[in-house]
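S.K.: Before we start, here is the structure in question, set down as structure tokens.
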Amino acid sequence: MRDIIEDELFSSSVIKDLHALDFDFVPEELPHRTEQLRKLSQMFKPLLSDISQNAVIRGPIGTGKTVITKKFCNSLVRIARKQARIIEYVHINCRKRSTDSMVLIGVLNHFDKRFPDRGFSVQEMLQILHKQLQRREVQLILVLDEADALLKKSGSELLYNLTRFTDETMKTDNPISIIMVSQKDVLSDLDSSVLSTFKRSNTIILDKYTRDELYDITEQRVGLAFHNNTVSQESVDLIADIASEWGDARFAIELLWKAGMYADEKHVQLVVPEHVRAAKAETYSIVTETKLKNLEKHHLLTLLSIAKRLQKDDSAYAITSEVEKTYAITCEEYNEKPRAHTMFWNYLKEIENAGFISIKLSGKGHLGTTQMISLPDVPAEVLRDKLEGFLR
Ligand SMILES: Nc1ncnc2c1ncn2[C@@H]1O[C@H](COP(=O)(O)OP(=O)(O)OP(=O)(O)O)[C@@H](O)[C@H]1O
Ligand SMILES: [Mg+2]
């Protein structure tokens, strides 16, 4: 028994650096994000003359929002230091810290590791922060990652306070710059008093990665994380193909990592497409779950109706008019009022955009053109179970 354990623990691996496959790993280079990094640098140039800036970074899941922000802020801190200028960079994930008080504790912890988790009001903490920045004569660059979670839970009051941090005693400009990062359009959630300090032009929008971009990103990770010649080019091709449906680099890297684990499990020295396919089957369920969380109830009901139709008819495609009938019945089951025809069409479009379904037009038949819906990636039964679980 001990031998088996020892053999497995010390068996050779195709992976040379597991750390490079972590989601919070920041690679030296970020392929296909050079333009965005250049734009960020231009926006924040005034910071080197003590003039604060605010910006917004927006884009769908896995498009590099978090990683480019980290890369940029770390570089900015380093470059400013060469000019004897201290910029403190704090990165807060607002999904984890979604109240004003939790965000401020996170910021103050950066300055004082032992800052207590309780005992100070928001106003007191703002004053402490004020003093810290004044005393140290530093600039703060605060990244509010997944900022929509903070705005949703706590509104924009903290932003209001942080963007109006100056008073008569401070001769300098506001020492705080803020970057809000989100999948959603957070500017539309801001009060007008805060909106005025976020210039619309200071928004960077990241698009989904194309297949070829995902290929380059995956290939870079192969180089960073795997031993030489342990991942076949076909495997990288397949990963790029699969992930391109969502344009999501995280999905690509996760597939790569899992495929490497499969190769290790089989004790082979080369990652081949079969390992990628196995990785995909396992990863799909996790990815779906995260994506489903972003859908509204009627999107879920529409998707469920498609899954039911496909399962019932046991066919490759469902026809929109049939799905709409099923949708009406499904709504009833869940005590929801079915939405009007045009709304239903919008739902279809939106779940297509989210990558759950493909829609194509049939050739002209006796009924004219019809829309044919398919689920490219997952058995209808699996999706149906998941959705029913979700809606319950
Ligand atoms: N251009 C790139 N080059 C190399 N790696 C990248 C690139 N873009 C993204 N990645 C990697 O893909 C993964 C996802 O990126 P990131 O976490 O920045 O996505 P995100 O846009 O913040 O997604 P979410 O909306 O889910 O927070 C990370 O592991 C990141 O390192
Ligand atoms: Mg992110």
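The values are calculated or read from the model by the stated rules, or taken from the named source; none is laboratory data. Since the model is a prediction, treat every value here as computed from it, not as a measurement. Virtual Cβ from ideal backbone geometry, glycine too; neighbours counted across all protein chains shown.
S.K.: Here are the criteria: (1) within 16 Å of PHE23 (Cβ to Cβ); (2) within 23 Å of the chain's Cα centre (by Cα); (3) in a helix (DSSP H, G or I); (4) not hydroxyl-bearing (Ser, Thr, Tyr). Tell me which single one TRP246 does not satisfy.
M.R.: Every listed condition holds for TRP246 apart from (3).
S.K.: How many of the residues in segment 180-234 are acidic (Asp, Glu) and under 21 Å from GLY355 (Cα atoms)?
M.R.: Adding up the residues that qualify gives 4.
S.K.: May I ask you to list the residues in segment 129-156 that are surrounded by fewer than 18 Cβ atoms within 10 Å (Cβ to Cβ) and either within 24 Å of the chain's Cα centre (by Cα) or at pLDDT 95 or above (or both)?
M.R.: Residues satisfying the conditions are LYS152, LYS153, GLY155.
S.K.: Evaluate segment 211-233: report whether one residue or more is surrounded by 20 or more Cβ atoms within 10 Å (Cβ to Cβ), at pLDDT below 95 and within 16 Å of ligand 2 (Cβ to nearest atom).
M.R.: So far as segment 211-233 goes, no, none of its residues is surrounded by 20 or more Cβ atoms within 10 Å (Cβ to Cβ), at pLDDT below 95 and within 16 Å of ligand 2 (Cβ to nearest atom).
S.K.: Suppose we keep only residues that are over 28 Å from ALA252 (Cα atoms) and aliphatic (A, V, I, L, M) within segment 56-88. Which one would you say is farthest from ligand 1 (Cβ to nearest atom)?
M.R.: ALA84
S.K.: Of all the residues that make up segment 1-48, how many are within 16 Å of ligand 1 (Cβ to nearest atom), within 21 Å of THR230 (Cβ to Cβ), over 19 Å from the mean Cα position of the chain (by Cα) and not acidic (Asp, Glu)?
M.R.: The number of residues fulfilling the criteria is 3.
S.K.: Among the numbered conditions (1) modelled with pLDDT of 95 or more; (2) within 16 Å of ligand 2 (Cβ to nearest atom); (3) over 30 Å from ARG211 (Cα atoms), tell me where LEU30 comes up short.
M.R.: Just one mismatch for LEU30, condition (3).
S.K.: Continuing with the same structure: Given the options VAL271, VAL276, VAL287, name the one that is under 30 Å from SER12 (Cβ atoms), at pLDDT 95 or above and either surrounded by fewer than 20 Cβ atoms within 10 Å (Cβ to Cβ) or not assigned by TED's automatic domain parsing to the domain that holds ILE68 (or both).
M.R.: VAL271
S.K.: Within segment 81-97, count every residue that is surrounded by 20 or more Cβ atoms within 10 Å (Cβ to Cβ) and not in a strand (DSSP E or B).
M.R.: Of the residues in that region, 2 qualify.
S.K.: Considering only residues that are part of a helix (DSSP H, G or I), closer than 30 Å to THR166 by Cβ and within 15 Å of ligand 2 (Cβ to nearest atom), which ones fall in segment 48-70?
M.R.: Quick first cut of segment 48-70, residues part of a helix (DSSP H, G or I) only: 48-49, 65-70.
Subsequent filtering for residues that are closer than 30 Å to THR166 by Cβ retains 48-49, 65-66, 68-70.
Correct list: LYS65, THR66, ILE68, THR69, LYS70.
S.K.: With the condition being within 16 Å of ligand 1 (Cβ to nearest atom) and of a type outside the set (Lys, Arg), I'd like the helices (runs of 4 or more DSSP H) fully within segment 124-204 carrying at least 3 qualifying residues.
M.R.: In segment 124-204, the matching helices (runs of 4 or more DSSP H) lie at 147-154.
Let's see how each residue does on (1) closer than 29 Å to ILE242 by Cβ; (2) surrounded by 19 or more Cβ atoms within 10 Å (Cβ to Cβ):
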{"residue": "LEU310", "(1), (2)": "yes, yes"}
{"residue": "ILE329", "(1), (2)": "no, no"}
{"residue": "MET372", "(1), (2)": "yes, no"}
{"residue": "PRO376", "(1), (2)": "yes, no"}
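S.K.: Pairs only if they're at least six apart or on different chains, beta carbon under 8 angstrom, first in segment 182-197 and more than 12 Å from ALA147 (Cα to Cα), second aliphatic (A, V, I, L, M); list them, first residue then second.
M.R.: Between residues of segment 182-197 that are more than 12 Å from ALA147 (Cα to Cα) and residues that are aliphatic (A, V, I, L, M), the close pairs are VAL194/LEU159; LEU195/LEU187.
S.K.: Checking the structure you have, find out if any residue of segment 191-210 is within 16 Å of ligand 2 (Cβ to nearest atom) and among the aromatic types (Phe, Trp, Tyr).
M.R.: yes
S.K.: Same structure again: Among all residue pairs at least 6 apart or on different chains, which show Cβ distances below 6 Å where the first residue, located in segment 332-351, is surrounded by 12 or more Cβ atoms within 10 Å (Cβ to Cβ) and the second is among the polar types (S, T, N, Q)?
M.R.: TYR347/THR302
S.K.: Sticking with this one: Can you tell me how many residues in segment 181-201 are under 26 Å from PRO31 (Cβ atoms) and buried (at least 18 other Cβ atoms within 10 Å of the Cβ)?
M.R.: Count: 2.
S.K.: Something else now. Assuming LYS96 fulfils every condition listed in (1) at pLDDT below 95; (2) more than 16 Å from ligand 2 (Cβ to nearest atom) apart from one, which condition is it?
M.R.: With respect to (1) at pLDDT below 95; (2) more than 16 Å from ligand 2 (Cβ to nearest atom), LYS96 is out only on (2).
S.K.: Looking only at segment 11-47, how many residues end up being part of a loop (DSSP other than H, G, I, E, B) and of a type in the set (Ser, Thr, Tyr)?
M.R.: Selection size over segment 11-47: 3.
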